[in-house]
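Undergrad: Okay, here's the structure, questions in a sec.
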Amino acid sequence: MNMAGNDRVKGENIIAQARGFGADIAGIARVADLKDSPSHWFSEIMPDFEGVGTHPSDRKKRGIVQWPKGAKSAIVIGVGHPRSQPEIDWWIDSSGKGNTPGNQRLMDVIGKLADWLEHKTDIRCFKLPYNIEKGGIYLKDAAVLAGLGCIGMNNLVITPQYGPRQRIRVMLVNAELPSTGSMDFDPCTGCEMPCHKVCPQQAFNHPVYSQAAYGRETLPGRTGVYDRFRCNEQMLIDEANVEAMDSDKKEGVVQRVKYCRRCEMACPVGNGS
Ligand code: SF4
Ligand code: SF4
C-alpha cells in the first residue's frame with residue numbers, strides 16, 4: 001500500500017477493473033451527494049416500514065443509514081438480469097452467500113475490487129451489505145448519482161443497457177474520487193407506462209405521497225404513487241408459492257422463491273436484455 005499507488009489508481013481505472021472482475025456497468029458517486037439524495041432524506045420522514053427484506057433494528061426507526069466513518073466515495077456496480085436468464089434472480093434459501101446467483105456475482109466483484117484496491121493503494125474499502133438495518137445505503141440513489149441511469153415510473157433504476165433489469169451493489173471508500181454522474185436520460189416521459197398497468201396489486205394506482213405533505217418534488221415512483229405495502233403483499237404471495245429445487249452445491253433440496261418482476265419485465269427500455 002502506498003500513496004503513489006493512490007495517484008495511479010484513478011476513477012476510470014477502478015471502473016475498468018470492476019468490469020474486468022465481472023460487473024456489467026459501474027460508476028462512482030460522492031458520499032456528500034448521497035447524503036442529500038431523495039431516499040436518504042425521505043427515510044427520515046416517511047412512516048416506518050416492516051416487510052419482506054427488512055430486518056429487526058435497535059434504532060428508533062428502520063431505514064436510517066449509518067455512514068462508515070471516513071467514507072467519501074461510493075463505487076457502484078451493476079449486473080444485468082436479462083429476461084432470458086430469470087434464474088439469476090431466484091431467491092435461494094441455502095447456506096451459500098448472496099441468496100440469488102446475481103447477488104453472488106455482485107458480491108464476488110466487490111470482494112475482488114476491494115482486494116485489488118487495498119493491495120494497490122492505501123485506500124480503505126467498506127464492503128456494504130444489502131440491508132440498511134445491517135449497514136447498507138440506498139442503492140438506487142447511488143446508481144443514479146453515479147450516472148448509471150435514472151429512477152423510472154416503476155420506482156426502479158432504469159439504465160439504457162438493461163432498462164430496470166439489473167441489480168446493484170455498492171462499496172464505499174475513504175478517498176475522494178470524481179463522480180461519474182449524473183446521466184441525462186428519461187425514457188419514462190411519454191411512455192404509456194405498461195409497468196403500472198401490469199402490477200397484480202395495483203401498487204401504482206393511487207397517490208401515496210404528495211409534494212404538499214413531504215415538501216419535495218421527487219417522490220417514490222416519481223409522482224408518489226408507488227405503494228410498497230401493496231408490493232409487499234405480492235412478495236408474501238410469492239413466498240407462499242415457494243418451490244423446492246435440487247441444489248448444485250451438495251446441499252440436497254433447497255427452497256427457491258420467484259419474486260414478482262412484472263413491472264421490470266413490462267418495461268421496453270433495454271430490450272434485448
Ligand atoms: S415502462 Fe415506461 S414508464 Fe415504466 S419504467 Fe419503463 S420507460 Fe418508464
Ligand atoms: S414487483 Fe410486482 S407487485 Fe411489486 S410493484 Fe412491481 S409489478 Fe407490482
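Undergrad: If Y209 passes every condition in (1) in a loop (DSSP other than H, G, I, E, B); (2) within 22 Å of K140 (Cα to Cα); (3) within 14 Å of ligand 2 (Cβ to nearest atom) but one, which one does it miss?
TA: (3)
Undergrad: Return yes when C199 is assigned to a loop (DSSP other than H, G, I, E, B) and more than 20 Å from the chain's Cα centre (by Cα) and no when it is not.
TA: When the stated conditions are applied, C199 passes them.
Undergrad: If you don't mind, there's one more thing I want to ask. Note down all Cβ pairs under 7 Å where the first residue falls in segment 231-243 and is within 8 Å of V257 (Cβ to Cβ), the second is near ligand 2 (Cβ under 8 Å from one of its atoms), and they're at least six residues apart or on different chains.
TA: Qualifying pairs under 7 Å: D238/Y259; D238/C260.
Undergrad: Do we have any residue at all in segment 219-232 that's surrounded by fewer than 14 Cβ atoms within 10 Å (Cβ to Cβ), within 10 Å of ligand 2 (Cβ to nearest atom) and either of a type outside the set (S, T, N, Q) or closer than 30 Å to E44 by Cβ (or both)? Give the derivation first.
TA: Quick first cut of segment 219-232, residues surrounded by fewer than 14 Cβ atoms within 10 Å (Cβ to Cβ) only: 229.
In the following step, the residues that additionally are within 10 Å of ligand 2 (Cβ to nearest atom) were identified as none.
No, that holds for no residue.
Undergrad: If you take the residues in segment 177-196 that are near ligand 1 (Cβ under 8 Å from one of its atoms) and assigned to a loop (DSSP other than H, G, I, E, B), which one is farthest from E12 (Cα to Cα)? Before you say what the answer is, go through the steps one by one.
TA: The initial filter retains those residues of segment 177-196 that are near ligand 1 (Cβ under 8 Å from one of its atoms), namely 187-188, 191-196.
Keeping just the survivors that are assigned to a loop (DSSP other than H, G, I, E, B) gives 187-188, 191-193.
On the way: P187: 27, C188: 29, C191: 34, E192: 37, M193: 35 Å.
Here the residue is E192.
Undergrad: Still on this model: Looking only at segment 3-34, how many residues end up being assigned to a loop (DSSP other than H, G, I, E, B) and either within 20 Å of L156 (Cβ to Cβ) or modelled with pLDDT of 95 or more (or both)?
TA: Start the filter on segment 3-34 by keeping residues that are assigned to a loop (DSSP other than H, G, I, E, B), which leaves 9-10, 21-24.
Next, only the ones that are either within 20 Å of L156 (Cβ to Cβ) or modelled with pLDDT of 95 or more (or both) stay: 21-24.
The total comes to 4.
Undergrad: One residue is enough: does segment 205-215 have a residue meeting the conditions within 16 Å of ligand 1 (Cβ to nearest atom) and modelled with pLDDT under 80?
TA: The answer is no, given that none of the residues of segment 205-215 is within 16 Å of ligand 1 (Cβ to nearest atom) and modelled with pLDDT under 80.
Undergrad: Additional query: I'm told S57 meets every condition in (1) over 23 Å from C150 (Cβ atoms); (2) at pLDDT 95 or above; (3) touching a helix residue (DSSP H, G or I) at 6+ places or on another chain (Cβ under 6 Å) except one. Can you identify the failing condition by its number?
TA: It fails just one condition, (2).
Undergrad: Of all residues being of a type in the set (K, R) and either within 9 Å of ligand 1 (Cβ to nearest atom) or in a loop (DSSP other than H, G, I, E, B) (or both) in segment 257-273, which is farthest from D227 (Cα to Cα)? Just the residue, please.
TA: Restricting attention to segment 257-273, the residues satisfying the condition of being of a type in the set (K, R) are 258, 261-262.
Checking the rest, the ones that are also either within 9 Å of ligand 1 (Cβ to nearest atom) or in a loop (DSSP other than H, G, I, E, B) (or both) come to 258, 261.
On the way: K258: 20, R261: 15 Å.
Of everything passing the filter in segment 257-273, K258 is farthest from D227 (Cα to Cα).
Undergrad: Would you be able to say whether some residue in segment 242-259 is within 30 Å of I45 (Cα to Cα) and within 16 Å of ligand 2 (Cβ to nearest atom)?
TA: Yes, that holds for at least one residue.
Undergrad: Residues of segment 97-131 being assigned to a helix (DSSP H, G or I), over 18 Å from the mean Cα position of the chain (by Cα) and under 21 Å from V65 (Cβ atoms), which ones?
TA: Passing the criteria: only A114.
Undergrad: Can you run down the residue pairs with Cβ atoms below 6 Å, 6 or more apart or on separate chains, where the first is in segment 147-163 and without any contact (Cβ under 8 Å) to a residue 40 or more places away in the chain and in a strand (DSSP E or B) and the partner is near ligand 1 (Cβ under 9 Å from one of its atoms) and not aromatic (F, W, Y)?
TA: C150/I158; C150/D186
Undergrad: In addition: Residues R222, R256, R262: which one is of a type outside the set (V, I, T) and over 15 Å from P164 (Cβ atoms)? Walk me through how you get there before you give the answer.
TA: Details: R222 fails: over 15 Å from P164 (Cβ atoms); R262 fails: over 15 Å from P164 (Cβ atoms).
Answer to the selection: R256.
The values are calculated or read from the model by the stated rules, or taken from the named source; none is laboratory data. Please read all numbers here as calculations on a predicted model, not as lab measurements. Using ideal geometry, Cβ is built from the backbone for each residue, glycine included, and neighbour counts are taken over all protein chains shown.
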